1. Does the range 1-89 come out rounded, prolate or oblate, given a ≥ b ≥ c as the square roots of the eigenvalues of its C-alpha gyration tensor, rounded meaning a/c under 1.5 and, failing that, prolate meaning a/b above b/c?
2. Along the range 6-13, what does the Karplus equation 6.51 cos²θ - 1.76 cosθ + 1.60 (θ = phi - 60°) give for ³J(HN,Hα), rounded to whole Hz, x for Gly and Pro?
3. Residue by residue through the range 109-119, what is 3J(HN,Hα) from phi via Karplus (6.51 cos²θ - 1.76 cosθ + 1.60, θ = phi - 60°)? Round to whole Hz and write x for glycine and proline.
4. Which shape class, rounded, prolate or oblate, goes with the range 75-183 when its Cα gyration tensor gives a ≥ b ≥ c as root eigenvalues, a/c under 1.5 marks rounded, and past that a/b bigger than b/c marks prolate?
5. Tally Lys/Arg at +1 and Asp/Glu at -1 over every other residue whose Cβ is under 14 Å from the Cβ of K127; what's the total?
6. Note down the magnitude of the dipole of the chain about its Cα centre, charges +1 on Lys and Arg C-beta and -1 on Asp and Glu C-beta and zero elsewhere, to the nearest 20 debye.
7. Indicate the gyration tensor shape class of the chain (rounded, prolate or oblate), computed on the Cα atoms with a ≥ b ≥ c the square roots of the eigenvalues: a/c under 1.5 is rounded; otherwise a/b larger than b/c is prolate and the rest oblate.
8. Springs between alpha-carbon pairs under 10 angstrom, Gaussian network model over the chain: which of K171, K112, K97 fluctuates most?
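The values are calculated or read from the model by the stated rules, or taken from the named source; none is laboratory data. Values in this document were obtained by computation on a predicted structure and should not be read as measured data. Cβ placement follows ideal geometry from the backbone for every residue including glycine, while neighbour counts extend to all protein chains displayed. These area figures cover heavy atoms from the full protein model, side chains too; ligands, DNA and RNA do not enter into them. Shrake-Rupley method; radii C 1.70, N 1.55, O 1.52, S 1.80 Å.
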Amino acid sequence: SEVRIGYFPNLTHATALVGLQEGLIEKELNGTRIKPQTFNAGPSEIEALNGGSLDIGFIGPSPSINGYVKSKGSNLRIISGSASGGVKLVVNPEKIKTLDDLKGKKIATPQKGNTQDVAFLNWISEKGWTVDPESGKGDVSVVRTDNKVTPDAFKQGSIDGAWVPEPTASKLVSDGGSVLLDE
């Protein structure tokens, strides 16, 4: 009688946003009532799926694969991809002018193990720099910060930039940030 669907309230989840708002998902489910729930990042949504409080989740690839592996494929099925892009590295242009300037800086990602966090850690590794994936400490400090908090942290100067999805990236740009990399 009801399907519980999780998603993020950002551009990388436009498929869910439009599908829910326009009633497209409900139509495909033959009018089954939809109970939507928003999340900040994939790891917390995977927990909800594995805990049985969600039936369907729109989640990035890294947490999806991790969740599938942890459940040994018993709780989750990855059905398909639905979006690509919508993520940017936005920085304080007074402190960071080039990608090499990131070394020694504090850069936010939405949550440890979410897609942006994994992508940023991979990018750091490809540069030959090191960061402990658990603590976020290393050549670059990776600060795991909720997308709702990131703009204030950026304005206050407690972070030097963020690898984040839209609309958080645009909020940082409107607060004086500069797009250094468009994933």
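1. Values: a/c = 1.83, a/b = 1.13, b/c = 1.62.
Oblate is the answer for the range 1-89, as a/c is 1.5 or above yet b/c matches or exceeds a/b.
2. Going residue by residue, I get x, 6, 10, x, 9, 4, 5, 10 Hz, with x marking Gly and Pro.
3. After applying 6.51 cos²θ - 1.76 cosθ + 1.60, I find 10, x, 6, 4, x, 6, 4, 5, 4, 5, 4 Hz.
4. oblate
5. That sum, taken over residues with Cβ under 14 Å, equals -2.
6. On the way: 20 positive and 22 negative charges, 50 e Å.
My answer is approximately 240 debye.
7. Working: a/c = 2.55, a/b = 1.70, b/c = 1.50.
Here the chain falls in the prolate category.
8. Per the Cα network of the chain with a 10 Å cutoff, K97 tops the list.
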